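Have a look at the structure below before the remarks.
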Amino acid sequence: QEYTALKLRVKEWAPEAEKAIKGKVPEGADVFFVPATLRPETMYGQTCCFVGPKIKYGVFKVSDKEFYVITDRAARNMAYQGVFPENGVYEKVAEVLGSACVGTIVNAPLSAHKDGVRILPMESVLPTKGTGVVTCVPSDSPDDYATVMDLIKKAEYYGIKKEWAELEIIPLIKTPSYGDLTAQFLVKKLKISSPKDTKQLEEAKELAYKEGFYQGIMVYGEFKGDKVEIAKPKVRQQLLDAGDGFAYAEPEKKVISRSA
Ligand code: ZZB
């Protein structure tokens, strides 16, 4: 899987996370949360960025001025993909629990929400996939939409301010079958009522991917009017050229045949 890793720069730390990194990251250095995405063309619609509250993240040094918050596993993989200065070497300067990061404000490249977005908790983030950081696009990702609705509904339970999850959901892509808010449409259609409806969410994700890629037309951003198929690599290249993102590949997983 070839992901686009996106660099979301920390603007303001949540107090607990700030304590965890204090004295370990040089004053004035930039720290980035780095989600891995397969949908660079949807980055205009980022409304928050998810971490697993129970996941342990490392803060890894890229240079004196630049540090990445990702899982140890992702850092190891990146170390063989030219992300760090020396091949195979990755230096961890601090550790921080996902829950401690909740409330942190980050700048999300291309997002319409220019003042920044919050780091919020998502129970279903897999520590074994991508970077363990997931950027949230509730217009086009059913998982993200279901999680955002749940965060709003149970803000107190999650220990967040409701407003943090209430950023406007902007239509990005229009398709013949699902309109211009694919995730919301599919969540309703498949009667998904919470992020725990994992089976329906899996189905919704597959449908959203297919329809979005093959039938989608951009209705937002620089490539408005273009087919998603055409816009996707262009948006990706822009992010790479601007230094706001880089390529990240997951190592091949052995496919185990279920019928064998
Ligand atoms: C933004 C985005 C916008 C995404 C969208 C999807 C969609 P897949 O297809 O199963 O390989 N993701 C990345 N890492 C993790 C993780 N550790 N745990 C849980 N989810 C993760 O999934 C790839 C997508 O899953 C990634 O692309 C990321 O969310 C999420 F409009 O980034 B995506 C229809 C999907 N739409």
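The numbers here are math on the coordinates, done by the rules we state, and not lab data. These figures come from a predicted structure and were not determined experimentally. Heads up, the Cβs are rebuilt from the backbone with ideal geometry, glycines too, and the neighbour counts pull from every protein chain shown.
Scan the helices (runs of 4 or more DSSP H) fully inside the stretch 157-260 and keep the ones with 2 or more residues being farther than 26 Å from G130 by Cα and under 21 Å from the mean Cα position of the chain (by Cα).
Those helices (runs of 4 or more DSSP H) span 162-165.
For residues in the stretch 25-40 being in a loop (DSSP other than H, G, I, E, B) and buried (at least 22 other Cβ atoms within 10 Å of the Cβ), which is nearest to the ligand (Cβ to nearest atom)?
Filtering the stretch 25-40 down to residues in a loop (DSSP other than H, G, I, E, B) leaves 25-29, 34-35, 38-39.
In the following step, the residues that additionally are buried (at least 22 other Cβ atoms within 10 Å of the Cβ) were identified as 34-35, 39.
Details: V34: 11, P35: 7, R39: 4 Å.
In this case the residue turns out to be R39.
Have a look at V83, V89, V93, V102 and point out the one that is without any contact (Cβ under 8 Å) to a residue 24 or more places away in the chain and more than 16 Å from the ligand (Cβ to nearest atom).
Result of the check over V83, V89, V93, V102: V89.
Here are some residues: K24, K114. Which one is basic (K, R) and over 20 Å from the mean Cα position of the chain (by Cα)?
That would be K24, the only listed residue that is basic (K, R) and over 20 Å from the mean Cα position of the chain (by Cα).
Let me confirm something: among T147, T182, T128, T198, which residue is hydroxyl-bearing (S, T, Y), within 21 Å of Y3 (Cα to Cα) and within 15 Å of the ligand (Cβ to nearest atom)? Steps first, answer last, please.
Values: T147 fails: within 21 Å of Y3 (Cα to Cα); T182 fails: within 21 Å of Y3 (Cα to Cα); T198 fails: within 21 Å of Y3 (Cα to Cα).
Only one candidate passes the filter, namely T128.
Condition test on L120, is it surrounded by fewer than 22 Cβ atoms within 10 Å (Cβ to Cβ), within 28 Å of D197 (Cα to Cα) and not basic (K, R)? Working first, answer last.
Numbers: surrounded by fewer than 22 Cβ atoms within 10 Å (Cβ to Cβ): no; within 28 Å of D197 (Cα to Cα): yes; not basic (K, R): yes.
Judged against the criteria, L120 is not a match.
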